[in-house]
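Asker: I am attaching a structure below and will ask some questions about it afterwards.
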Amino acid sequence: MVSDSAKAPQKSPEDELIEHLPAMRAFALSLTRNSAQADDLVQDTVVKAWTNFDKFQVGTNLRAWLFTILRNTFYSNRRKAKREVPDVDGVFAAGLAEKPSHDGRLQMNDFMRAFDKLPVEQREALLLVGASGFSYEEAAETCGVAIGTIKSRANRGRKALAELLHLRDDEELELTDRATMAVLSASGSSSV
Amino acid sequence: MGNPPKSKRDYQEIDENLRRVFDEVVNEGVPDRFADLLGKLKRGETPVKSSEGDE
């Protein structure tokens, strides 16, 4: 029933929180690369956020605020656990059905396997900027670094992914294949 | 000369794939434990944290 909500022009952050959970989970997965750890991380973040809502300025960017808490919790847990090698279960890749992108060039599983190999700084920059549509400015604020740092991390990540996936060779490979096929069919040769 | 810079095109493709993966995870929804958690928080119950807090 409508109580005082008619008066409130904005949802309270408590009510809005639930809308951000799926994105928080995606961010947590990109950091932990493990679904159980990701869900624990989101749970810790929710609890922390809940007890700190008095510090949140209503009307400012709740998603960025939540992502900042999530990220800080991740790094602080990691320091406490002193676990250098995370338990990677490749969930980002495993959870996805194998299907080619529209042009069939990139398999998503290959893509996510490559993503999981990137250093965490590049994964978070790419998740924020490339995937979830944060501006460089928002991402920089979330990570507590300069805008230029986020840009260079994102670009290093993109470059590494392109190299891991050999994207740059595609055009030449296609041409070579076509040329090879033409030669092969013309000569009737059956071996490479 | 007429070739577009490949790296730009590659990066766009990478961002498209990132968005696709992100959207898939987002569209999965969240496990039930989060509805339970929010319910507890709203009722003022303190849920067990999966790690120790600082304060």
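Asker: Just name the residue that is nearest to the chain's Cα centre (by Cα) out of those in region A:37-64 that are in contact (Cβ under 8 Å) with a residue 40 or more places away in the chain and closer than 25 Å to residue B:28 by Cα.
Answerer: Step one: list which residues in region A:37-64 are in contact (Cβ under 8 Å) with a residue 40 or more places away in the chain, which gives A:37-38, A:53, A:56, A:58-59, A:61-64.
Remaining after also requiring closer than 25 Å to residue B:28 by Cα: A:37-38, A:61-64.
Numbers: A:37: 15, A:38: 12, A:61: 19, A:62: 18, A:63: 15, A:64: 14 Å.
That would be A:38.
Asker: Shifting gears a bit: For region A:48-85, give me each residue that is under 19 Å from residue A:142 (Cβ atoms) and of a type in the set (Val, Ile, Thr).
Answerer: The answer is A:58, A:60, A:68, A:69, A:73.
Quick note: the coordinates plus some simple rules give every number you see, no bench work behind them. Just so it is clear, the structure is predicted and the values come from calculations on it, not from any experiment. Here the Cβ is made from the backbone with ideal geometry for all residues, glycine too, and neighbour counts use every protein chain on show.
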